[in-house]
Amino acid sequence: MSNNDSGDDEVKIEEGEVPQLIHPDEESTHLDSPKDGSEKETDKDKSSTESADEASHLSSREVYRVSCSYPPPKGESFCECHKSGNEDDCTCGEEESVFDWKWDTGSKSSASLLMDDDREVKFHVDYSCGTAAVCGTLPMENDQHYWEIKMTTPVYGTDMMVGIGTLKFAGELDKFKHTFCSMLGRDQESWGLSYTGQIYHSGSSKRFSSQFSQGSIIGVHLDMWKGSLTFYKNRKYLGTSYSGLQGKILLPVISSTAARSGMKVIRAQSFNTSLQFMCCQVLRKNIPEKYHVSEVLNFPPGLDEFLLNNLDWLLRPCVRENKVSRKKKTKVARHSEDSP
């Protein structure tokens, strides 16, 4: 197994090589810079990263048992199904029945399996030897787009990410199939939020939120009128992560390095940038953050029902998640020239 000499967080798996197991509850430290600000890994960091996904010599049943039998990393779930052992049957938050896009059967890594009418993705069904990704079917060039991704399995490993990518990015989804890495945001062609709470773009990362886990729902608002990317966690506002996206054609993307991991799109909504929508944005900005807009303003019943059915995610209280210490931007490893 070979690491970059530069000591960055990328791990390359050669053909036929067997990755080692990682305890899913073990915290990964490869995203944190050492005290001197460099990206050099300690022996512990290397061990954690290199063993981030499952061993190929195990049977699929053994792989699943090893990867899922330990407590997942600490993170906030949308519901409490996991406390009663019902997380595998959980449908909380999955009220939507109409979707403007699904996952694209023609734009996915080879280690990705689409299920449930192409709304759910299982990554690395038997074992993992790298990073896989899937794009949505709808190119987003104009207007407003909001979608939600639910973590349907334990969340662990080198990285599991939610974000967006360009058409160029979509054409290279198998680029890191033998490399464990934070795939979204490695260059200028993608933007991503990691389960660790880091956001990534153009080779840089910074702390953005607390981490998420099985049962977490990640909301994404891509505003192509303003060119901004905003994230929500468990239907709570996290903030705007990136701007300056006007003029691009972008696709929804999810990625994972973890064996037997899964994510599901439970809402996919696209609509015009209307005066009604911009008025709702102004109302949300001017009404105190702790209140739901519809609770403060006495909308007519028909309008109130329409807004709650279509823009509830915008009108909810937008008090930010508990403040997370903002670390200085750190450089993310760029792929080496000989990466597959």
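Here are the criteria: (1) in contact (Cβ under 8 Å) with a residue 60 or more places away in the chain; (2) open to solvent by 10 Å² or more (accessible area, probe 1.4 Å). Tell me which single one Met183 does not satisfy.
(2)
Take Val293 and tell me if it is modelled with pLDDT of 90 or more, loosely packed, with under 15 Cβ neighbours inside 10 Å and of a type in the set (Val, Ile, Thr).
Judged against the criteria, Val293 is not a match.
Of these, Val125, Val98, Val134, which one is β-branched (Val, Ile, Thr) and assigned to a strand (DSSP E or B)? If you could, list the steps in order and put the result at the bottom.
Details: Val125 fails: assigned to a strand (DSSP E or B); Val98 fails: assigned to a strand (DSSP E or B).
When all the criteria are applied, what remains is Val134.
For Lys150, state whether it is assigned to a strand (DSSP E or B), open to solvent by 10 Å² or more (accessible area, probe 1.4 Å) and touching a strand residue (DSSP E or B) at 6+ places or on another chain (Cβ under 7 Å).
Working: assigned to a strand (DSSP E or B): yes; open to solvent by 10 Å² or more (accessible area, probe 1.4 Å): no; touching a strand residue (DSSP E or B) at 6+ places or on another chain (Cβ under 7 Å): yes.
For Lys150, the condition - assigned to a strand (DSSP E or B), open to solvent by 10 Å² or more (accessible area, probe 1.4 Å) and touching a strand residue (DSSP E or B) at 6+ places or on another chain (Cβ under 7 Å) - is not met.
Would you check which residues across segment 264-279 are open to solvent by less than 60 Å² (accessible area, probe 1.4 Å) and not in a helix (DSSP H, G or I) and list them?
Start the filter on segment 264-279 by keeping residues that are open to solvent by less than 60 Å² (accessible area, probe 1.4 Å), which leaves 264-271, 273-274, 277.
Correct list: Lys264, Val265, Ile266, Arg267, Ala268, Gln269, Ser270, Phe271, Thr273, Ser274.
When the residues of segment 194-250 are narrowed to those that are open to solvent by 20 Å² or more (accessible area, probe 1.4 Å), part of a loop (DSSP other than H, G, I, E, B) and of a type outside the set (S, T, N, Q), which ends up nearest to Glu87 (Cα to Cα)?
Per the stated criteria, the residue is Arg235.
Which of the residues spanning segment 113-140 are surrounded by 22 or more Cβ atoms within 10 Å (Cβ to Cβ) and either modelled with pLDDT of 95 or more or of a type in the set (A, V, I, L, M, F, W, C) (or both)?
Within segment 113-140, the first condition is being surrounded by 22 or more Cβ atoms within 10 Å (Cβ to Cβ), and the residues that meet it are 121, 123-124, 127-136.
Answer for segment 113-140, where residues must be surrounded by 22 or more Cβ atoms within 10 Å (Cβ to Cβ) and either modelled with pLDDT of 95 or more or of a type in the set (A, V, I, L, M, F, W, C) (or both): Val121, Phe123, His124, Ser128, Cys129, Gly130, Thr131, Ala132, Ala133, Val134, Cys135, Gly136.
If you check Val293, Val265, which single one turns out to be β-branched (Val, Ile, Thr) and under 17 Å from Asp100 (Cβ atoms)?
Checking each option against the conditions leaves just Val265.
Scan segment 112-122 for residues that are within 17 Å of the chain's Cα centre (by Cα) and assigned to a loop (DSSP other than H, G, I, E, B) and jot them down.
Arg119
Picking from Leu245, Leu283, Leu250, Leu229, which residue would you name as being over 26 Å from Ser77 (Cα atoms) and within 16 Å of the chain's Cα centre (by Cα)? Walk me through how you get there before you give the answer.
Numbers: Leu245 fails: within 16 Å of the chain's Cα centre (by Cα); Leu283 fails: within 16 Å of the chain's Cα centre (by Cα); Leu229 fails: over 26 Å from Ser77 (Cα atoms).
After applying the criteria, what remains is Leu250.
Could we say that Asp143 is surrounded by fewer than 21 Cβ atoms within 10 Å (Cβ to Cβ), over 19 Å from the mean Cα position of the chain (by Cα) and farther than 25 Å from Asp223 by Cα here? Can you show your working first?
Values: surrounded by fewer than 21 Cβ atoms within 10 Å (Cβ to Cβ): yes; over 19 Å from the mean Cα position of the chain (by Cα): yes; farther than 25 Å from Asp223 by Cα: no.
Spelling it out, it is not the case that Asp143 is surrounded by fewer than 21 Cβ atoms within 10 Å (Cβ to Cβ), over 19 Å from the mean Cα position of the chain (by Cα) and farther than 25 Å from Asp223 by Cα.
The values are calculated or read from the model by the stated rules, or taken from the named source; none is laboratory data. Please read all numbers here as calculations on a predicted model, not as lab measurements. Because the Cβ atoms are built from the backbone with ideal geometry, glycine has one as well, and the counts that use them run over all protein chains shown. Side chains are part of the model used for accessible areas, which takes the heavy atoms of the whole protein and leaves out ligands, DNA and RNA. Shrake-Rupley method; radii C 1.70, N 1.55, O 1.52, S 1.80 Å.
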